[in-house]
Amino acid sequence: MNPKMKILREKAMKLPLTPGVYIMKNAKGKIIYIGKAKKLKNRVSQYFGSQNGHSLKVRKMVENVDDFDYILCDSEFEALVLEASLIKQNMPKYNILLKDDKGYSYIKVTNDPYRKISAVLQKDDSNSQFIGPFTSSYSVKQSVDEANKIFKLPQCNKVFPRDFKKGRPCLNFHIDRCMGVCTGKIPQSEYEESVNEALKFLEGDVSSVIKSLEKKMQTASENLQFEAAARFRDKINAIKNMQSKQKVVTETDESKDVFAVASNGDDVCVAVLRFNGGRLCDSEHFFLDGEANGAMRTDFLMQYYGMRNSVPKKVILDEMCDDSELVEQYLTELLGKKCTIAVPSRGEGVRLVNMCRENAFEKLAQKKGRKGTEIRALEELKTLLGLENTPEYIESYDISHTAGADNVAGMIVFKNGRPLKRAYRTFAIKSFTGQDDYGSMREVLTRRFNEYLLKRDDGEEEGFGKLPDLILLDGGIGQVNAVKEALMPFNLDVPVFGMVKDNKHRTRAIAQGGGEITINDNRSVFTLVSEIQEEVHRFSIGYHRKKHAKSGLTLSLTQINGIGEQKAKALFKEFKTIKAIKNAGVEDLQRVKGINKDLAEKIYLYYNGAENEEYGNF
């Protein structure tokens with residue numbers, strides 16, 4: 001707890017109820033957080049009240065606040081813009097900070113008589129023209145390569161007209177990827193026309209380039225210039241062929257950026273897909289710390305476009321950001337004309353958001369060394385069940401017995417969507433005999449959380465000392481209610497749900513206190529829950545069979561006069577099998593605790609005596 005909390009709250013309560021920006025500082029006077037507020041007093045005072053509603057990141061920030069300053073603004077919009085500017089200048093520790101470390105790329109156009117187009121990482125020639133900067137070197141290089149191929153521009157190191165007819169044309173000419181300027185047969189006017197068309201193409205004006213080429217082809221054909229018409233036709237076909245290879249296209253030509261967020265605990269990945277002229281022209285992703293909410297999306301958009309030299313006509317989000325009207329106003333001013341922010345509910349927009357979200361989950365999974373489907377399943381399970389946190393650590397329980405005999409339970413753990421077998425545990429039911437699945441589950445969970453109370457201060461990352469994010473029981477509403485009843489005395493906030501099977505023993509729903517949640521329509525959640533249910537059933541059945549087999553064998557030993565259950569267990573612990581006990585000599589049997597010479601002889605005679613030959617193959 002921050003020792004200055006009371007003083008800071010008193011200061012915050014004196015702030016005006018006007019828009020502004022607040023600046024949090026640590027004991028050294030360093031700025032650690034910058035935020036905006038519609039009403040400064042209300043917003044800032046929230047930090048220094050109860051910490052229960054704050055995320056872990058906010059609580060850590062508050063612990064380090066020694067003082068704060070503020071700047072009054074005339075409007076919410078002014079506060080939004082000022083906040084973005086101050087964050088960019090000061091890079092505070094607890095703000096979302098986008099580090100654009102990809103570098104910038106340029107399209108270079110030389111000023112030679114026969115201009116050449118290339119992709120470069122920096123302005124390396126004061127005599128050339130540079131278009132950019134662009135944030136994606138990959139997309140710039142790919143686009144320049146496409147333009148040079150379509151318009152058959154030279155990509156060699158020759159300088160024209162100096163190198164006309166000096167050597168034979170290269171391979172590109174022979175495979176029809178270069179018009180062969182080196183032959184000296186291409187007029188400069190025709191070459192310049194191709195360069196201009198290529199630059200238009202690179203600017204994204206593909207449709208006008210095609211229309212221009214079609215018009216030129218028609219004119220050449222009418223003038224019986226069939227070779228020229230064929231060249232124009234080939235360029236048109238090359239552009240259309242390139243577009244057909246581009247799998248990601250939109251129904252409209254308007255520029256748009258698509259944003260989607262994937263989160264797993266405190267790790268967040270924001271993916272961006274940028275479309276121009278109906279084609280996907282760039283993709284980016286950013287890793288952030290914190291909570292994926294509307295405020296995070298607002299901060300991200302403000303910083304993202306503060307680093308960019310272009311704003312699209314439309315911004316598509318997976319979920320709406322806070323202060324969307326203000327952010328839209330800011331982007332409109334940057335663009336110089338109307339920019340809209342939208343969250344699609346159907347059609348193409350939903351398809352693009354889903355594709356963007358898949359990319360975000362995949363990038364996040366790669367960072368964590370997981371699969372994208374595993375990360376996404378946990379996030380969708382969180383949403384489906386209405387959980388506050390991502391269920392990274394899931395415990396599941398199942399009861400197994402034979403007509404009420406040898407009651408046992410199995411506990412399995414799934415961590416980040418995968419089985420964590422070293423954390424598996426087994427329970428032998430001790431409080432009663434007979435068949436009572438509800439009573440068995442109550443006993444198991446009571447014992448499990450009694451262990452938690454004993455070990456919770458040990459800082460365990462797994463095992464009984466760790467509180468699970470979610471408990472899934474193999475059973476319906478009755479099992480859930482039984483466990484919730486058992487957990488009440490512990491005063492622990494652990495979500496508990498049941499896994500319901502159909503009449504063919506297949507997972508069909510998740511049970512909660514008020515009914516059932518269907519999961520068949522959500523493939524990733526269905527797969528995860530089915531895997532958990534099958535695994536906990538397998539584990540508990542396996543333990544039960546093992547215990548039941550030992551129970552049956554132990555029973556045969558207890559038929560020997562003087563051998564009770566405890567001594568039978570001691571014999572099995574030492575020899576492991578009936579066959580080993582049968583083959584043991586009297587001296588070997590005497591080494592077992594509690595087995596004297598008299599008992600050892602009885603055991604030996606029971607399995608090896610002539611009067612008991614009927615038991616030979618037991």
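The numbers here are math on the coordinates, done by the rules we state, and not lab data. Just so it is clear, the model here is predicted, and its values are computed rather than measured. Because the Cβ atoms are built from the backbone with ideal geometry, glycine has one as well, and the counts that use them run over all protein chains shown.
Show which lysines lie in cross-link reach of LYS567 when reach means a straight Cα distance below 21 angstrom and same-chain residues fewer than eight apart are skipped.
Output for LYS567: LYS430, LYS546, LYS547, LYS550, LYS576, LYS579, LYS582, LYS593, LYS597, LYS602.
Let's see if you can work this out: charge +1 on each Lys and Arg Cβ, -1 on each Asp and Glu Cβ, no other charges. What is the dipole magnitude of the chain about its Cα centre, in debye to the nearest 20?
Dipole of the chain, to the nearest 20 debye: 1340 debye.
How high is the relative contact order of segment 558-615, in percent, with contacts defined as C-alpha pairs under 8 Å that are six or more residues apart?
Relative contact order of segment 558-615: 31 percent.
Can you tell me how much longer the chain between GLN512 and ASN26 gets when fully stretched, taken as 0.36 nm per residue apart minus their C-alpha distance, in nm with one decimal?
Taking GLN512 through ASN26 to full extension adds about 170.4 nm, to one decimal.
Which aspartates and glutamates have a Cα less than 12 Å from the Cα of LYS57, not counting those fewer than 8 places away in the same chain?
ASP266, ASP267, ASP289, GLU291
Arrange the following residues from fewest to most other Cβ atoms within 10 Å of their Cβ: MET24, MET411, MET320.
Lowest to highest Cβ neighbour count: MET320, MET411, MET24.
Which one of PRO19, GLN46, ALA79 is farthest out on the positive end of the charge dipole of segment 5-90, using unit charges on Cβ (Lys, Arg +1; Asp, Glu -1) and the Cα centre as origin?
GLN46
Report relative contact order for the chain in percent, whole number only (criteria: Cα-Cα under 8 Å, sequence separation at least 6).
About 7 percent, as a whole number.
Taking the Cα centroid of segment 13-47 and of segment 430-508, what is the distance between the two, rounded to the nearest whole Å?
Cα centroid to Cα centroid, the span is 44 Å.
In percent, what relative contact order does segment 5-90 have, based on Cα pairs under 8 Å that are 6 or more apart in sequence?
Computed over segment 5-90, the figure is 39 percent.
Near the amide H of CYS73, under 5 Å away, which other amide H atoms are found, from residues 5 or more places off or on another chain, if H is placed in the peptide plane?
Counting only residues 5 or more places away or on other chains, the set is GLY20, VAL21.
Quick one, what does Rg over Rh come out to for the chain if you take C-alpha atoms and the Kirkwood Rh?
The Rg/Rh ratio comes out at 1.16.
Grab the other residues whose beta carbon is less than 14 angstrom from that of ASN52, score K and R as +1, D and E as -1, and report the net.
-1
Give me the compactness ratio for segment 17-105, meaning the Cα radius of gyration over 2.2 N^0.38 Å.
This ratio for segment 17-105 stands at 1.15.
With axes computed from alpha carbons, what is the tilt in degrees of helix 324-335 against the longest principal axis of the chain, rounded to the nearest 10 within 0 to 90?
30 degrees
Using the crude model of +1 on Lys and Arg Cβ and -1 on Asp and Glu Cβ, and no other charge, please compute the dipole size for segment 5-90 relative to its Cα centre, in debye to 20.
300 debye
Taking neighbour counts of Cβ atoms within 10 Å as a proxy for exposure, in what order, fewest first, do MET5, MET307 appear?
By the 10 Å Cβ count, ascending: MET307, MET5.
Which length gain, in nm to one decimal place, applies between LYS455 and CYS156 when the Cα-Cα distance is subtracted from 0.36 nm times their residue separation?
Extending this stretch completely gives an extra 100.6 nm.
If you restrict to DSSP beta bridges whose two residues both lie in the chain, what percentage is antiparallel, to the nearest 5?
Percent antiparallel among DSSP bridges in the chain is about 80.
Would you mind pulling out the separation of the Cα centroids of segment 139-154 and segment 189-230, in Å?
That distance is 16 Å.
For segment 263-390, what is the number of Lys pairs with C-alpha distance below 19 angstrom, counting only pairs 8 or more positions apart or on separate chains?
Lysine pairs meeting the criterion: 7.
Taking the Cα centre of segment 105-204 as origin and charging only Cβ (+1 Lys, Arg; -1 Asp, Glu), how large is the dipole, in debye to the nearest 20?
The dipole of segment 105-204 has a size of about 400 debye.
Relative to the longest principal Cα axis of the chain, at what angle does helix 347-368 sit, 0 to 90 degrees, rounded to 10?
60 degrees
What are the aspartates and glutamates whose alpha-carbon lies under 16 Å from the alpha-carbon of LYS185, with same-chain residues fewer than 8 places away excluded?
ASP163, ASP176, GLU193, GLU227
For ASP266, list long-range residues whose amide hydrogen, built 1.01 Å from N in the peptide plane, is under 5 Å from its own amide hydrogen.
Long-range HN contacts for ASP266: none found.
With runs of 4+ DSSP H residues as the only contributors, calculate the mean residue ellipticity of the chain at 222 nm using -39,500 (n - 2.57) per run, divided by the residue total and rounded to the nearest 500.
-14000 deg cm²/dmol
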